[in-house]
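Below is one structure; the comments refer to it alone.
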Amino acid sequence: MGEPFPGPPGVHKALMRHTGFLISRMGLVAQKQFAERMEQLGLSTRMWGVLNVLDAEGAITQHFLGTCTGIDPSSMVSTIDELEARGLVERQRHPSDRRAHALHVTELGRTTLTQGRRLAKQAQDDLLAPLDAEERKQLHELLLRLALATSEVGRQTPAEGEKTAARAAG
């Protein structure tokens, strides 16, 4: 029989100094807690994200929505099909492009989104319970900075990517 390992369950002392591991681990924990909350409404995390972007942007094309969310076209089609089948989103003719459809959040979609936002806040509060308000704000700012640097890297030449990474590092 082995000895008990030092550290909290699932995070061995040998792993505690590896920031990438900790981010990955917390990502899994956050995703699980968030997904469990969204399941109460019959939503996937992808569906919740799509509803949020549509609510913020108004009527937009499926292609633009995919660009905004980073969802590949085939996954986007199935996500919109499911949201439409549930009455949360509807496709209508695009006002300026007869070949395209504009996506709209329905009233039921807005109601569901409001409920989802409450559940998302609960999941976030549970996850961040060990942090005070200032630490939560700092964590959010750092994660946003990393997310923005990562998204910029995909659109840049290697030299530009190195400059972006240097700016993000400090």
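The values are calculated or read from the model by the stated rules, or taken from the named source; none is laboratory data. Note that this is a predicted model, so its numbers are computed, not measured. FYI the Cβ positions are ideal-geometry reconstructions off the backbone, even for glycines, and counts take in every protein chain you see.
Looking at the stretch 87-103, can you tell me whether even one residue there is part of a helix (DSSP H, G or I), modelled with pLDDT of 95 or more and outside the structural domain of LEU146 (by TED's automatic domain parsing)?
Our first condition is that a residue be part of a helix (DSSP H, G or I); within the stretch 87-103, this holds for none.
No, every residue in the stretch 87-103 fails to be part of a helix (DSSP H, G or I), modelled with pLDDT of 95 or more and outside the structural domain of LEU146 (by TED's automatic domain parsing).
Name, by its number, the condition in (1) assigned to a helix (DSSP H, G or I); (2) at pLDDT 95 or above; (3) over 18 Å from GLY20 (Cα atoms) that does not hold for HIS140.
Only one criterion is unmet by HIS140, namely (3).
Within the stretch 18-33, can one find any residue that is touching a Ser or Thr at 6+ places or on another chain (Cβ under 8 Å) and either over 23 Å from LEU128 (Cβ atoms) or at pLDDT 90 or above (or both)? Steps first, please.
Keep residues of the stretch 18-33 that are touching a Ser or Thr at 6+ places or on another chain (Cβ under 8 Å), which gives 31.
Remaining after also requiring either over 23 Å from LEU128 (Cβ atoms) or at pLDDT 90 or above (or both): 31.
Within the stretch 18-33 (the criterion being touching a Ser or Thr at 6+ places or on another chain (Cβ under 8 Å) and either over 23 Å from LEU128 (Cβ atoms) or at pLDDT 90 or above (or both)), the answer is yes, since at least one residue qualifies.
Quick one: in the stretch 92-109, which of the residues that are surrounded by 10 or more Cβ atoms within 10 Å (Cβ to Cβ) and within 23 Å of the chain's Cα centre (by Cα) is nearest to TRP48 (Cα to Cα)? Explain how you work it out, then say what you get.
We begin by selecting, within the stretch 92-109, every residue surrounded by 10 or more Cβ atoms within 10 Å (Cβ to Cβ); these are 92-94, 97, 100-106, 108-109.
Retained after the next criterion (residues that are within 23 Å of the chain's Cα centre (by Cα)): 102-106, 108-109.
Details: ALA102: 18, LEU103: 15, HIS104: 14, VAL105: 12, THR106: 14, LEU108: 13, GLY109: 10 Å.
Across the stretch 92-109, the extreme among qualifying residues is GLY109.
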